[in-house]
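Novice: Attaching a single structure in structure tokens format; questions to follow.
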Amino acid sequence: MLYVVITYLWAAILLYLLLGGADFGAGIIEFFTSRRNRGRTRRTMYQAIGPVWEANHMWLIITIVILFVGFPKIYATMSVYLHIPLTAMLLGIIARGTAFVFRHYDAVKDDMQKLYNRIFIYSSVITPLFLGIIAASTVSGQVDLQAKDFLSAYIFSWLNGFSLAVGLFTVCICGFLAAVFIIGETDNAEDRLFFTRKAKWMIVSAVLCGVLVFAASYIENIPLVDWVFGKPAGMLAIAAASLSLPFLWYGLTRGKAIIIRLLAGFQVCMILFAATYRHFPNIVLLKGGGHLSLIEHQGQEKTIEALAWALLIGSIFILPALFYLMYSFEKKKPQEA
Amino acid sequence: MDDFFAARSQMALSLGFHIIFACIGMVMPFFMAVAHYKWLRTGNEVYRNVTKAWSKGVAIFFATGAVSGTVLSFELGLLWPTFMEHAGPIFGMPFSLEGTAFFIEAIALGFFLYGWNRFNPWFHWFTGVVVGISGLVSGILVVAANAWMNSPAGFDYVNGQYLNIDPIKAMFNDAWFTQALHMSIAAFVATGFAVAGIHALMILKGRHVAFHSKAFRIAAAFGTVAAILQPVSGDLSAKDIAQRQPAKLAAMEAHFHTEEKAALIIGGIPDVKAKKVNYAIKIPGGLSFLAHGDINAEVTGLDKIPEQDQPPVAVTHYAFQVMVGLGMIMMLIALLYFLALWKKKSWLRSKWLLRLFIIATPMGFIAVEAGWTVTEVGRQPWIINGIMRTADAVTPMPGIVYSFYIFTAVYLSLSFIVAFLLYRQIKMVDRLYDHSSEQPEAI
């Protein structure tokens, strides 16, 4: 049953990165859009992500619940040592979640819209930045359970070049996912061209940030190269992701909405796989070589069993409904503009 | 302000904020579903407009409730890591199920808000009902988790170790039913009276009377029925607390000395040093009857509780008085309203009845906040009643006070913006909803 729980944990993280990431990306695209084009970007995005907006967010909650129910020691340690970036991410989540809804549901459209927009775009960048920082900090080996002073316990645990690079990389990935997703939602050639250009920019930035991540890992002495390329599985994953890149580029140029979505999803999936499988089941790497492992730090057997059943039964309800939600709004584009 | 107090304040602030939004997000969908049903059955456009107007409120409150709930799920760890490290696996079951319920709610809300004119009308209506039901279920589950903190079950506590964990037993702890019942009804009372009060104000001002009257009737019906039921569930809760948490009951009632035929104290100012309550109305035997169903029964007083295990008396007592007092006022308004519906139809057109509802607008929510103060402050100094002290659960990270300031600023601005948005919604009723012909927008 432990592996059921771990599978769900991994899937929830992946889905949050993919679906929640596309959400964040919507704001990131807006951030990198000239003021003139923002209105159009906003409308297209709103139609695309509005209906699934709240659902996308749930994957984060599922992740957190799995962690604190199944792996409480890991959850508690992360909560203590990564308190600051977690709080920053939370503030981002609050800001963008509410700004998105406020700007749409405000009965009067006036200057307040500017405020909502500004909050939305800034928090859309900040949230995935810190999400990436948190993810990187768990493996950068800077979490120090013996730390006595404030800086090494609560600041250096996450503030390092590697974490920042991964944060930026996450921002690019989210922007890229959003751009690719929105291409399929556009209804005219001009918009399609616009978002295609955005997607290409985001790919280029992501590749550059990817290089930055490796450079930072080299400087910080994090064996990222070994994790990713040390075993055939990781190498295969990265090779598959890289090889699919030209196809993606070609698909973008030709406007094949479904294919590029699948390819984009596939790439993110491969990147996450390559980044995590080598130190599995260790989820937090500690300073001085220790680690927190999903297997050693699992909850008691009955808890894991109950959690696994709750997840399995939950997905029987959730997955068909979620699929139908996405399907319906994909098939039935709004008739009224 | 020290870090421990800051952590408690931040938690209280976050919960207090979330509760309001969660209540509205949980109850409004039911109002919406009734209006929607009436529209589908009668074809009366006003009902459709009411449904749409309310659905915007639901969307705003749901979003705010969802983010503040997300914050809470992190804050449990950020502020109380030691608690979560031990309690997470024990009381996590309701949270995992709540995840499912909340997920379904989010999906159903997507269908409902964006589904106008896209689906079979009854399917669309049904998704609205699902929003309400799954919201209610998730509320019950979260309260069940809180009830575990008051009534820990489903594990053996041996030498500081938490052994033989049984998550199902933990979920169905002794307190879950009375707490969940009391909270669910409270949500209906609070939201019913708040919504009814706002529409009553608009009727009194003579604006869009047809629209606001229909809205008022639906909200008032829910609120008043719940207000009349609430004392029953309150009585169940009191008896349960007397059994399980005598210290909390003693603090609620400022009952300092263990005695038989204990008096029920109404109002008053507790003097903790002198161990007595000044200026209170006392009903002999009342507390014994409420707590144990027998006017001669013995009620444990604070003197039987070691000093270091006593909850703060004054706060708990005042909060309890506020909750009960407001509950009683709302029950009386509810009875008047039913009398009006049943015998005195002329009252329904009278201004004083509307005014009563306007005055009662915030009462339900004040009572909800007071009730939670009783539950949470009354449990102190324990975070897990009798097992773990709150002070032992707090995060070791210093500087929590700054986090408290930041979150205070965030919640204050959010409350301000939401109030501002609702004000604008109501002001725009004529433009958006209350004209018989076209609807200006789709969603």
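The values are calculated or read from the model by the stated rules, or taken from the named source; none is laboratory data. Computed from a predicted structure; not experimentally measured. Every residue, glycine as well, gets a Cβ built from its backbone with ideal geometry; the counts of neighbours run over all protein chains shown. When the accessible area is computed, the model is the full protein with side chains, heavy atoms only, and any ligands, DNA or RNA have been set aside. Shrake-Rupley method; radii C 1.70, N 1.55, O 1.52, S 1.80 Å.
Novice: Rounded if a/c is under 1.5, else prolate if a/b is larger than b/c, else oblate: which is the range B:260-374, with a ≥ b ≥ c the root eigenvalues of its Cα gyration tensor?
Specialist: Prolate, since a/c reaches 1.5 and a/b exceeds b/c.
Novice: For the range B:91-136, state which residues have at least 50 Å² less accessible area in the presence of all protein chains than in their chain by itself, taking the probe as 1.4 Å and leaving out ligands, DNA and RNA.
Specialist: B:Ser96, B:Thr100, B:Phe103, B:Ile107, B:Phe111, B:Tyr114, B:Arg118, B:Phe119
Novice: Could you tell me how far the Cα centroid of the range B:29-59 sits from the Cα centroid of the range A:154-210, in Å?
Specialist: What the calculation gives is 41 Å, centre to centre.
Novice: Taking the Cα centre as origin and putting +1 on Lys and Arg beta-carbons and -1 on Asp and Glu beta-carbons, what dipole magnitude results for the protein assembly as shown, to the nearest 20 debye?
Specialist: Magnitude of the dipole: close to 2980 debye.
Novice: Choose one of B:Gly128, B:Val158, B:Leu181: the residue whose Cα lies farthest towards the positive end of the charge dipole of the range B:126-259 (beta-carbon charges +1 Lys, Arg; -1 Asp, Glu; about the Cα centre).
Specialist: B:Gly128
Novice: Using only Cα atoms, find the angle between the long axis of helix A:189-219 and the longest principal axis of chain A, and express it within 0 to 90 degrees, rounded to the nearest 10.
Specialist: Computed tilt is about 20 degrees.
Novice: Can you give me the long-range amide H partners of B:Trp382? Hydrogens built in the peptide plane at 1.01 Å from N, cutoff under 5 Å, separation of 5 or more residues or another chain.
Specialist: So B:Trp382 has HN proximity to B:Thr390.
Novice: While we're on this one: Give me the percent relative contact order of chain B, please, defined on Cα pairs under 8 angstrom at least 6 residues apart.
Specialist: RCO, chain B: 20 percent.
Novice: Modelled label-to-label distance, B:Arg389 and B:Phe123, 7 Å Cα→beta-carbon offset: nm?
Specialist: Roughly 5.9 nm, to one decimal.
Novice: Which one, A:Leu208, A:Ala147, A:Ser163, projects farthest toward the positive side of the charge dipole computed for the range A:143-222 from Cβ point charges (K/R +1, D/E -1)?
Specialist: The residue sitting most towards the positive pole is A:Leu208.
Novice: With the radius of gyration and the Kirkwood radius both derived from the Cα set of the range B:245-284, what is their ratio Rg to Rh?
Specialist: Over the Cα atoms of the range B:245-284, Rg/Rh equals 0.92.
Novice: Here's another thing I want to ask about it. How many angstrom separate the Cα center of the range A:23-101 from the Cα center of the range B:325-343?
Specialist: Here the two parts' Cα centres lie 44 Å apart.
Novice: Can you tell me which of A:Leu17, A:Leu129, A:Leu245 moves the most in a GNM of chain A? Springs connect C-alpha atoms under 10 Å apart.
Specialist: A:Leu245
Novice: Further question: Around B:Ile165, under 10 Å between beta carbons, what's the net of Lys plus Arg minus Asp minus Glu among the other residues?
Specialist: Neighbour charge sum, excluding B:Ile165 itself: -1.
Novice: Something else now. With the full set of protein chains in place, find how many percent of the accessible area of chain B is carbon and sulfur; take the probe as 1.4 Å.
Specialist: The nonpolar share, carbon plus sulfur, comes to 65 percent.
Novice: Taking H as built 1.01 Å from N, whose amide H comes closer than 5 Å to the amide H of A:Val143, not counting residues under 5 places away?
Specialist: For A:Val143, the qualifying residues are A:Lys287.
Novice: Then there is this: Could you tell me the total accessible area buried at the B-A interface, probe 1.4 Å, in square angstrom to the nearest hundred?
Specialist: 6000
Novice: Let me ask something else. Within chain A, how many Lys pairs that are eight or more residues apart, or on different chains, come under 30 Å at the alpha-carbon?
Specialist: Count of close lysine pairs: 24.
Novice: How fast does the range B:315-371 diffuse by Stokes-Einstein, in µm²/s, taking the Kirkwood radius from C-alpha pairs at 37 °C and 0.692 mPa s?
Specialist: Stokes-Einstein gives a translational diffusion coefficient of 271 µm²/s.
Novice: Separate question: Say R0 is 30 Å: what FRET efficiency, to the nearest 0.05, do B:Val401 and B:Ala314 get from their beta-carbon distance?
Specialist: About 0.80, to the nearest 0.05.
Novice: Something else now. Find the Cα radius of gyration of chain B, compare it with 2.2 N^0.38 Å by division, and give the number to two decimals.
Specialist: After normalising by residue count via 2.2 N^0.38 Å, the value is 1.03.
Novice: What's the percent breakdown of Cα-Cα distances in the protein assembly as shown across 10 Å bins, shortest bin first?
Specialist: For the protein assembly as shown, the pair-distance distribution reads 3, 13, 22, 25, 19, 11, 5, 1, 0.
Novice: Cut-off 10 angstrom, C-alpha nodes, Gaussian network model of chain B. Which of B:Trp125, B:Trp54, B:Trp347 fluctuates the most?
Specialist: B:Trp347
Novice: Something else about it: Using only the alpha-carbon atoms of the range A:202-299 as identical scatterers, what base-10 log of I(q)/I(0) does the Debye formula give at q = 0.11, 0.17, 0.20 Å⁻¹?
Specialist: Debye output, listed in q order: -0.42, -0.86, -1.05.
Novice: In debye, nearest 20, what is the charge dipole magnitude of chain A about its Cα centre with +1 on Lys and Arg Cβ and -1 on Asp and Glu Cβ, if you could check?
Specialist: In debye, rounded to 20, chain A gives about 940.
Novice: Continuing with the same structure: Quick one: dipole size for the range B:201-323, taken about the Cα centre, charges +1 on Lys/Arg Cβ and -1 on Asp/Glu Cβ, in debye to the nearest 20.
Specialist: It comes to approximately 820 debye.
Novice: Add +1 for every Lys or Arg and -1 for every Asp or Glu among the other residues with Cβ under 15 Å from the Cβ of A:Ile173, and state the total.
Specialist: Value of the local net charge: +2.
Novice: Still on this structure, please answer the following. In square angstrom, rounded to the nearest 10, how much accessible surface does A:Tyr122 have for a 1.4 Å probe?
Specialist: 120
Novice: With a 1.4 Å probe and all protein chains kept in place, how much accessible area does A:Leu208 have, in Å² rounded to the nearest 10?
Specialist: Estimated to the nearest 10 Å², A:Leu208 gives 110 Å².
Novice: Just the number please: accessible area per residue for the protein assembly as shown, 1.4 Å probe, all protein chains included, in Å².
Specialist: 41
Novice: Here's a follow-up. Excluding A:Met1 itself, what net charge comes from residues whose Cβ is under 13 Å from its Cβ, given Lys and Arg +1 and Asp and Glu -1?
Specialist: -1
Novice: Moving on. What are the residues of the range A:60-79 that lose 10 Å² or more of accessible area, with a 1.4 Å probe, going from their chain alone to all protein chains?
Specialist: A:Leu60, A:Ile61, A:Ile62, A:Ile64, A:Val65, A:Phe68, A:Val69, A:Pro72, A:Lys73, A:Tyr75, A:Ala76, A:Ser79
Novice: Next question, about the same structure. Quick check: at a probe of 1.4 Å, how many percent of the accessible area of the range A:127-261 sits on carbon and sulfur atoms?
Specialist: Of the solvent-accessible surface of the range A:127-261, carbon and sulfur hold 72 percent.
Novice: Treating only the Cα positions of chain A as identical point scatterers, give the base-10 log of I(q)/I(0) from the Debye formula at each q in 0.07, 0.12, 0.16 Å⁻¹.
Specialist: Taking Cα atoms of chain A as identical point scatterers yields -0.29, -0.89, -1.52.
Novice: When a/c is below 1.5 the answer is rounded, else prolate if a/b is larger than b/c, else oblate, so apply that to the range A:1-87 with a ≥ b ≥ c taken from the square roots of the Cα gyration tensor eigenvalues.
Specialist: Prolate shape, in that a/c is at least 1.5 and a/b is the bigger ratio.
Novice: Give me the angle, in degrees from 0 to 90, between the Cα long axis of helix B:121-150 and the longest principal axis of the Cα atoms of chain B, rounded to the nearest 10.
Specialist: Computed tilt is about 10 degrees.
Novice: Sticking with this one: Straight-line reach only, C-alpha to C-alpha below 19 angstrom: list the aspartates and glutamates that B:Lys261 could link to, leaving out same-chain residues fewer than 8 apart.
Specialist: B:Asp235, B:Asp240, B:Glu253, B:Asp294, B:Glu298, B:Asp303
Novice: Taking the DSSP beta bridges in the protein assembly as shown as the whole, what percent of them are antiparallel, to the nearest 5?
Specialist: Close to 95 percent.
Novice: Using the alpha-carbon atoms, what tilt in degrees (0 to 90, nearest 10) does helix B:363-377 show relative to the longest principal axis of chain B?
Specialist: For B:363-377 against chain B, the angle is about 20 degrees.
Novice: Related question: Along the Cα→Cβ direction, 7 angstrom out, place labels at B:Lys275 and B:Arg355. What is the inter-label distance in nm?
Specialist: 4.8
Novice: Next question. What order do B:Asp3, A:Asp191 take when sorted by accessible area (1.4 Å probe), most exposed first?
Specialist: Ranking B:Asp3, A:Asp191 by accessible area, largest first, yields B:Asp3, A:Asp191.
Novice: For B:Ile283 and A:Tyr277, what is the calculated FRET efficiency with R₀ set at 41 Å and r taken between the beta-carbons, to the nearest 0.05?
Specialist: 0.05
Novice: Same structure, new question: Toward the positive end of the charge dipole of the range A:242-337, about the Cα centre and with charges on Cβ (Lys, Arg +1; Asp, Glu -1), which of A:Gln300, A:Asn282, A:Met270 goes farthest?
Specialist: Farthest towards the positive end: A:Met270.
Novice: Can you compute the FRET efficiency between B:Lys344 and B:Phe416 using 1/(1 + (r/R0)^6), with r the Cβ-Cβ distance and R0 = 56 Å? Round to the nearest 0.05.
Specialist: In this case the efficiency is close to 0.90.
Novice: With each pseudo-label sitting 7 Å past Cα toward Cβ, what's the B:Leu229-B:Asn44 distance in nm, one decimal?
Specialist: Rounded to a tenth, the inter-label distance reads 2.4 nm.
Novice: Sticking with this structure for a sec: Okay, helix-only estimate at 222 nm for the protein assembly as shown: each DSSP H run of n ≥ 4 adds -39500 (n - 2.57), divide by all residues, round to 500 deg cm²/dmol; what do you get?
Specialist: Result for the protein assembly as shown: -25000 deg cm²/dmol, rounded to the nearest 500.
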